Each structure stands twice: as structure tokens, then as C-alpha cells.
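Read the figures in this text as sums done on the coordinates, not as results from a lab. Computed from a predicted model, the values in this text were never measured in an experiment. Backbone-built Cβ (ideal geometry, glycine too); neighbour counts: all protein chains shown.
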């Protein structure tokens with residue numbers, strides 16, 4: 001048997017197909033879906049799930065795009081929600097999920113009780129800045145309803161927001177003072193007016209001399225001497241701290257600074273509460289009074305600026321203002337020995353206090369006729385004489401709105417031999433009008449404390465004795481204080497001198513009352 005040759009004969013153009021038949025018409029269209037099904041049946045189950053999910057998600061997104069945005073405008077965040085605020089908290093922020101019609105927000109935003117302030121906007125965020133600190137000891141509610149989004153077109157097309165309610169509260173009204181009666185004698189006491197609570201902060205083994213609170217109310221710094229020492233000398237005092245963030249039945253105080261090598265004279269706290277500036281005098285001879293920086297993480301560091309007199313830290317925490325023999329100097333807190341003063345005022349000899357925003361300072365001047373004058377000095381260098389007295393300027397404070405100055409001073413009582421009367425006077429900075437609020441006869445020293453929200457003044461009425469007494473408390477000139485009453489003088493919300501008709505309220509027995517920030 002012979003087979004036909006598969007080779008192509010020379011010169012012939014032939015095509016030979018073995019086992020192949022030409023497909024029927026339309027057969028290619030039938031094969032394509034059959035091949036797709038074959039691939040699908042052979043794919044991994046997870047791949048099939050992913051493909052189905054992608055298809056469903058695509059359909060869902062397309063549906064949303066086709067039907068439009070059905071979400072309602074709403075408040076996404078409130079910066080003061082369930083917070084406790086203080087004088088350092090000056091503004092809250094509301095953030096929204098979409099652009100809003102800001103006029104409708106302005107018309108419908110409510111704060112109860114009312115706090116005056118100003119509104120500003122940036123994108124989807126609204127800021128409400130308080131004109132003055134929120135009144136202490138109160139709870140507040142912020143509501144926003146009926147406001148609409150910024151939908152282009154007619155007002156009928158705007159979408160009303162979901163109603164919003166937020167709440168916050170201000171700090172309690174609370175004060176510290178040095179106790180006089182019974183077991184409180186010579187000890188630091190915390191009195192909460194809002195909660196009506198009373199707590200002794202220091203042990204009976206210490207006699208407190210001075211005390212200050214940091215701005216955040218985290219702790220109290222105080223100086224004290226040992227109670228069992230026969231010599232209750234101011235120069236034997238040490239520096240301590242006691243926490244306030246979570247007061248316990250028996251607060252735990254801590255020694256910060258000893259006195260073996262240096263005598264502690266004074267101390268100040270920076271506004272952020274993280275640094276203490278301490279004024280000390282070396283027990284070795286021929287060394288000047290020096291300033292030291294104390295922090296929780298570093299050993300004490302001596303500053304390059306000497307300070308023989310009183311000193312304060314500016315509200316921004318960057319500068320020291322030091323009273324010197326030749327005047328008042330402002331120097332960088334962290335400058336070196338070659339740092340030049342930021343400013344110098346030769347006509348003044350004492351710095352009393354600052355406006356909270358740093359816009360002004362209260363200075364005292366000695367006059368050739370032995371009187372003393374109080375000046376307001378702006379941060380632009382402008383001077384305004386406020387008051388001249390024939391006695392001593394003890395203290396002065398500017399209220400939070402920078403409209404009124406309260407001054408504590410003495411005048412010589414002509415009817416009493418070598419006797420002074422103590423006064424508190426309010427001075428309107430716009431008109432210069434003065435109103436004497438309080439006069440305490442035959443008292444030559446005292447203290448003044450303005451509430452952080454500007455709502456009240458604290459002062460004391462002191463009884464001095466030269467007879468033997470169980471009291472370990474001394475006034476600024478070393479006399480024994482046998483009795484003292486702390487008084488509260490309420491101030492009007494209008495902050496105008498002409499409207500001041502408050503009646504003093506006797507609170508408790510003590511000396512040197514001081515509002516907590």
C-alpha cells in the first residue's frame with residue numbers, strides 16, 4: 001500500500017489540512033461566552049467574590065452619584081464639649097461636615113447663659129472668641145438649630161442642619177488663704193465657693209509665709225518655716241508644692257528647695273506653670289541677690305540677671321521685669337550676661353502687675369514731695385497717671401476687659417498719731433473717674449485679689465496685737481495677727497465705675513486671700 005506524498009511538489013502552491021473542518025457560519029459567536037464560562041468555572045472562589053464585590057460597589061457608587069447627596073449638614077466637632085475651661089481658654093471652635101450659610105449660623109447660634117463674643121469663619125470651621133473670661137462656677141449650653149448649608153440657588157433649596165447641643169462648664173469659684181483660727185492657724189486653706197467645701201492643704205508642722213498657684217490650677221507653690229523652730233525667721237523658709245489636680249483628704253506636699261546655702265526671698269511662676277524663678281541671697285558674704293530657674297527635669301540654674309528688688313514675669317513668659325535702684329528694667333528671661341534690657345524706665349521704681357493680655361502694666365513712682373503715683377504704661381510706651389497718694393501703694397490690678405484698675409493703698413490719718421487708713425479705689429481707664437470702694441481705718445497693710453473672671457475682689461480686715469498670742473501668723477512688718485476677716489466685694493458685670501454699688505460680704509477668718517486662676 002502506498003501513501004500520497006505530503007511534500008509540496010516543486011512549483012505548485014498547495015495547502016493541505018489534516019483533521020480540521022471549516023467552521024459553520026455563526027459558530028465563533030457561540031464559542032466566546034462558552035470560553036468565558038469555562039474561565040469563570042476554573043477561577044479561584046476568592047477571585048469570584050472579589051469580582052462580585054467590585055460590581056456591586058460600582059453599582060452603589062453610581063446610584064449615589066445619580067441620586068445626589070442625601071446627608072444633612074451637621075456639627076462634626078465642638079472643641080469645648082464636656083470640658084472645664086479657665087481664663088486661658090478664650091475661644092471655642094465648631095466644625096461642620098459641609099460648607100454652611102454663615103449668616104444662618106450667626107442668627108441661630110445660642111449660648112446659655114450668654115457670654116459676649118465675636119464670630120469668625122474659616123472653611124468649614126467657626127470660631128467664637130470670648131470678649132472676657134467666662135463667669136466661673138457655671139455650666140453652659142451651646143445650641144445650633146435651623147441653620148442651613150451653603151447650597152447654591154434659592155433659599156428653598158438650602159438644607160437645614162441636624163440640631164446640635166453641646167455643653168461645657170467653667171472652673172469653680174475657689175480661693176486660698178492663710179488660716180487664723182484653731183487648727184487652721186498658720187496653714188494654707190482651700191475654700192471652694194461653688195462646691196461649698198473647705199480643705200487644709202498644709203501640715204500643722206509648717207507655718208506658711210507665702211503662696212501662689214499656677215495658671216492651670218495643677219498645684220500650689222508655698223514657702224514655709226518649721227513650726228517647732230523658736231525663731232520664725234522669714235529667711236529660714238523653704239519652698240514646697242502641693243498638687244490640686246486631685247485633692248485628697250490628706251494632700252501630699254513636696255519639698256522643692258532647701259535653704260542651707262541660700263536664703264529664699266521670693267518666687268514667681270511662668271504662665272505655663274513649667275518654670276519657677278526663685279530669688280535667693282547667698283549665705284556667703286559678698287555675693288549679690290540672684291535669680292534661679294527651677295524645673296521638674298533639671299537642677300536649679302542661675303540666671304545672669306541680678307535682682308535686688310521686686311520682679312515679675314511678663315504674661316508671655318519670655319521676659320523679666322525687675323525693680324532696681326535706678327528704675328524698672330525689662331530683660332530677656334533666657335538671655336545671657338551680655339543681653340541688653342528690652343526696655344528701661346528710669347522714672348519708675350516698682351512694677352505692680354500686668355494686664356492679662358500683656359497690653360499694659362501698672363507702675364509706681366516716688367515723687368519729690370514724698371507722695372506716690374500710680375501709672376498705666378501701655379506696651380506702646382504711652383503713660384497715663386491714674387492716682388497719687390500720700391501713703392503707700394500696696395497693690396493694683398487691671399480687670400479682664402482692661403477697662404478698670406483696682407488699687408490698694410494707704411493714706412495718713414491726721415486724726416490718729418502715726419496711723420494709716422487702708423483704701424480700695426476703682427479707676428475707670430476711659431474717663432479717669434475714681435470711686436473709693438472700701439476704707440478700713442487704722443490698717444497699714446493688706447492684700448487685694450481680683451477674681452479671674454472679674455466678678456469680685458477679695459481683701460482682709462486685720463487685727464494686730466502686741467500681746468502674747470497663740471497665733472503664729474505675722475503681717476508684712478512682722479506684727480502678730482491675732483484675728484483677720486476675709487471679705488468679698490462683688491463687682492457689676494457692666495464694669496463701669498459709676499455702677500458699683502456692691503455690698504461687701506464677710507466670708508471667713510483668714511489673711512492674704514487669693515483667688516485661684
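Assorted remarks:
- Using C-alpha pairs below 8 Å separated by at least 6 residues, the relative contact order for the range 429-470 is 28 percent.
- Three principal axis extents describe the C-alpha atoms of the range 174-515; from largest down they are 52, 50, 42 Å.
- Bridge type composition, the range 75-170 - antiparallel percent by DSSP, nearest 5: 95
- The slack in the chain from residue 84 to residue 226, taken as 0.36 nm per residue of separation less the alpha-carbon distance, amounts to 47.4 nm.
- Estimated translational D of the range 414-456 in µm²/s (Stokes, Kirkwood radius over Cα pairs; 10 °C; 1.306 mPa s): 128
- For the Cα trace of the range 378-435, dividing Rg by the Kirkwood Rh returns an Rg/Rh value of 1.05.
- Overall form of the range 75-170 per C-alpha gyration tensor (a/c, 1.5; a/b vs b/c): prolate
- Estimated inter-spin distance, residue 467 and residue 302, nm [label 7 Å along Cα→Cβ]: 4.9
- Ordering 176, 330 by the number of other Cβ atoms within 10 Å of each residue's own Cβ, fewest first, gives 330, 176.
- Relative intensity, log₁₀ I(q)/I(0), of the range 291-363 from a Debye sum that treats every alpha carbon as a point, q = 0.12, 0.15, 0.21, 0.24 Å⁻¹: -0.32, -0.50, -0.94, -1.16
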